[in-house]
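Participant: This is the structure I have questions about; it appears just below.
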Amino acid sequence: MNICRTKQQLKLAVREAKKQQQSIGFVPTMGFLHEGHASLLREAKADNDVVVLSIFVNPMQFGPNEDLDRYPRDEERDIALAASCGVDIVFLPTTEEMYKRKPLTTIKVEEVTNRLCGASRPGHFDGVGLVVNKLFNIVLPDRAYFGMKDAQQVAVIEQMVQDLDINVEIVPCPIIREPDGLALSSRNVYLSAKHRAEAATLSQSLNKLHHKLSADGNMSADECITFIKDEILTNTTGEIDYVELLQYPSLTVINGQASLSKSVENQRFIVAVAVKFGTTRLIDNALFQVSEVIERV
Ligand code: AMP
């Protein structure tokens, strides 16, 4: 496995792969890898000749009061996990290497960033857009793999790739969960035992909603939101940041009172939640397709 710490080293490795007509699959991460990341790496390995993993905690996507300084890191363990997933190249730049000078260019994807984490974390997706753009320009991947755990991120990046004609195929990958349903996240290590037990409510409430929707397609968006909020308030001590039901991938608002099967006919919608447990903010979501019945996708 080739470990590159500078853009120059990485570009040389990429050039070598391209010379041999090898396809490149790319998985950008912030490290402290878990099975969620591993699933992206395995999918990239199955589809491509060469897999590039980047590990970079990007300061530009953290707000002033967020967890940049305490974001968990374990380079040695990450490198071992990468090797076990068949990664060919790991890109591990420092902040100074990524941002040699203060960037004066901004990437702002409008509309898709208006709600959910875009609203709760102002500037977050500008930081994501900028770093993903830079990484795409350095790695020149044929395909890039992103988890649906961050469904809004997938929508933002797909929009950006389309708007800027970036030559990469975006591959969304399913959410990997703990046995009790909690979506894997590097941030789960912050949770106290009590909060860890409560946190499973996020996915469990989405599952319960799925069952209710399969039985009653006439539920409205407002009823779904109230159901999830009640579940979270009853079963946890967490503080709700948001519970929203929106069209996906446009992330536009749906009439709150109308029956979902009529108002989003033949389309997809997302139910997305963000809840703070102490200082740890967790997100989760479920995606639904409205056809004859409402099914989870
Ligand atoms: P992060 O290191 O948190 O920035 O995540 C890097 C990539 O891994 C992103 O595309 C995430 O959506 C994806 N990812 C994180 N957690 C999961 C998970 N539980 N299941 C699937 N993908 C995930």
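The values are calculated or read from the model by the stated rules, or taken from the named source; none is laboratory data. Computed from a predicted model, the values in this text were never measured in an experiment. Methodologically, a virtual Cβ is constructed for each residue, glycine included, from the backbone with ideal geometry; neighbour enumeration extends over all protein chains shown.
Participant: Please specify each residue of region 140-161 satisfying the condition of being more than 18 Å from the chain's Cα centre (by Cα) and surrounded by fewer than 24 Cβ atoms within 10 Å (Cβ to Cβ). Walk me through how you get there before you give the answer.
Facilitator: Here is the first cut: in region 140-161, the residues more than 18 Å from the chain's Cα centre (by Cα) are 140-142.
If the condition is that a residue be more than 18 Å from the chain's Cα centre (by Cα) and surrounded by fewer than 24 Cβ atoms within 10 Å (Cβ to Cβ), then Leu140, Asp142 are the ones that fit.
Participant: How about region 199-222: which of its residues are surrounded by fewer than 18 Cβ atoms within 10 Å (Cβ to Cβ) and either within 13 Å of the ligand (Cβ to nearest atom) or of a type in the set (D, E, K, R) (or both)?
Facilitator: Matches in region 199-222: Lys208, Lys212, Asp216, Asp222.
Participant: Still on this structure, I have one more. Every residue in region 37-55 that is surrounded by fewer than 21 Cβ atoms within 10 Å (Cβ to Cβ) and either β-branched (Val, Ile, Thr) or within 13 Å of the ligand (Cβ to nearest atom) (or both), please.
Facilitator: Selection gives Ala38, Ser39, Arg42, Glu43.
Participant: Let me ask something additional. Could you please find all residues in region 1-30 being in contact with a helix residue (DSSP H, G or I) (Cβ under 8 Å, 6 or more places away or on another chain) and away from the ligand (no atom under 16 Å from the Cβ)?
Facilitator: Met1, Asn2, Ile3, Cys4, Arg5, Thr6, Lys7, Leu10, Lys11, Val14, Ser23, Ile24
Participant: Quick test of your reading of the structure: Pro249 fulfils all but one of (1) buried (at least 19 other Cβ atoms within 10 Å of the Cβ); (2) closer than 23 Å to Gly36 by Cα. Name the failing condition by number.
Facilitator: The one condition Pro249 does not meet is (1).
Participant: Output the number of residues of region 189-198 satisfying the condition of being buried (at least 19 other Cβ atoms within 10 Å of the Cβ) and touching an Asp or Glu at 6+ places or on another chain (Cβ under 9 Å).
Facilitator: So the count comes out to 1.
Participant: Something else about it: Filter region 207-251 for residues that are out of contact with any Leu (no Cβ under 8 Å at 6 or more places or on another chain) and of a type in the set (Ser, Thr, Tyr) and give the result.
Facilitator: Across region 207-251, the qualifying residues are Ser214, Thr226, Thr234, Thr236, Thr237, Ser250.
Participant: Looking at region 234-256, I want the residues that are modelled with pLDDT of 95 or more and of a type in the set (D, E, K, R) and have a partner that is surrounded by fewer than 16 Cβ atoms within 10 Å (Cβ to Cβ) and not in a strand (DSSP E or B) with Cβ atoms under 7 Å, at least 6 apart or on another chain. Which pairs are those?
Facilitator: Listed by first residue and then by second, the contacts come to Asp241/Ser120.
Participant: Among (1) touching a residue at least 40 places away in the same chain (Cβ under 8 Å); (2) within 25 Å of Met148 (Cβ to Cβ), where does Val51 come up short?
Facilitator: The number of the failed condition is (1).
Participant: Scan region 88-122 for residues that are on the phi > 0 side of the Ramachandran plot and within 16 Å of the chain's Cα centre (by Cα) and jot them down. Break it down stepwise before answering.
Facilitator: Of the residues in region 88-122, the ones on the phi > 0 side of the Ramachandran plot are 111, 116.
Listed by number, the list holds a single entry, Leu116.
Participant: Given the criteria touching a Cys at 6+ places or on another chain (Cβ under 8 Å) and either under 17 Å from Ala144 (Cβ atoms) or within 16 Å of the ligand (Cβ to nearest atom) (or both), does Leu33 qualify?
Facilitator: For Leu33, the condition - touching a Cys at 6+ places or on another chain (Cβ under 8 Å) and either under 17 Å from Ala144 (Cβ atoms) or within 16 Å of the ligand (Cβ to nearest atom) (or both) - is not met.
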